[in-house]
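Trainee: Let me begin by handing over the structure; questions about it come next.
The values are calculated or read from the model by the stated rules, or taken from the named source; none is laboratory data. Keep in mind it's a predicted model, so treat the numbers as computed, not measured. Backbone-built Cβ (ideal geometry, glycine too); neighbour counts: all protein chains shown.
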Amino acid sequence: MSISQFNQQDLSSWGVHIDEIPPEGLTVDFENFFADIEGVRLVEPLRGKIRLKKLGYEVEAKGFIKGKLELTCDRCLDSFEFSIDEEFQVTLLPRKSLNIEGERELDSQELEVSFYDESFISFYNIIIEEIELVIPFRKLCSSSCKGLCPVCGTNLNRESCGCKVIKKPSPFAVLKDLFKQAESKIAKEG
């Protein structure tokens with residue numbers, strides 16, 4: 001199955017019912033894929049492949065996604081391009097199989113699981129989830145980004161400003177002094 005053009009209205013129904021996945025599996029190639037992701041602009045359309053293999057009620061999804069996004073730097077607020085070239089593998093389970101026993105920490109195997117509803121696997125949801133997972137938590141235009149001046153808002157990557165930044169003493173400085181006093185007292189007694 002190959003999809004080359006997408007209409008935003010078609011995306012919600014773009015997928016397959018679990019009963020329609022043949023025993024040998026199903027491969028979906030896509031290109032020219034644009035999606036609405038909050039805080040992200042696509043610079044070039046996404047392309048990739050999703051391969052589904054049914055294992056009982058479990059479905060294994062493998063594939064890759066390539067494309068370019070435009071993100072906003074968390075320090076300087078400038079836009080920058082972020083390339084995606086990501087392979088993924090995820091196990092899909094029916095949502096009703098999820099046993100919710102209250103809050104608990106997930107183990108590493110559970111982090112690679114996603115869920116489908118009512119026997120329908122959404123290709124759109126798989127792609128969006130994988131894009132969201134590849135976007136860094138701290139989005140930086142470069143590791144050496146200087147950010148904005150906290151006083152006047154000047155982008156310090158482009159120019160410097162004459163503002164004096166007053167460093168407030170750390171609230172933990174008192175503890176440091178107490179620790180030094182305790183050390184000297186122990187040294188005198190010992």
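Trainee: Cβ-Cβ distance below 6 Å, separation of 6 or more or different chains: which pairs start in the range 152-179 with a residue that is loosely packed, with under 10 Cβ neighbours inside 10 Å and end on one that is in a loop (DSSP other than H, G, I, E, B) and hydrophobic (A, V, I, L, M, F, W, C)?
Mentor: Note: pairs meeting the criteria are 152/161; 152/163.
Trainee: Taking the range 152-180 as the search range and keeping residues that are of a type in the set (A, V, I, L, M) and either under 22 Å from residue 79 (Cβ atoms) or not in a loop (DSSP other than H, G, I, E, B) (or both), which one is nearest to the chain's Cα centre (by Cα)?
Mentor: 156
Trainee: Does the range 133-144 include one or more residues that are charged (D, E, K, R), in contact with a Ser or Thr (Cβ under 8 Å, 6 or more places away or on another chain) and either at pLDDT 80 or above or over 30 Å from residue 50 (Cα atoms) (or both)?
Mentor: Yes, the range 133-144 contains a residue that is charged (D, E, K, R), in contact with a Ser or Thr (Cβ under 8 Å, 6 or more places away or on another chain) and either at pLDDT 80 or above or over 30 Å from residue 50 (Cα atoms) (or both).
Trainee: What residue, of 123, 80, 115, 88, is in contact with a helix residue (DSSP H, G or I) (Cβ under 7 Å, 6 or more places away or on another chain) and at pLDDT 85 or above?
Mentor: 88
Trainee: Look through the range 119-151, keep the residues that are at negative phi, in a loop (DSSP other than H, G, I, E, B) and of a type in the set (Gly, Ala, Ser), and return whichever of them is surrounded by the fewest Cβ atoms within 10 Å (Cβ to Cβ).
Mentor: 143
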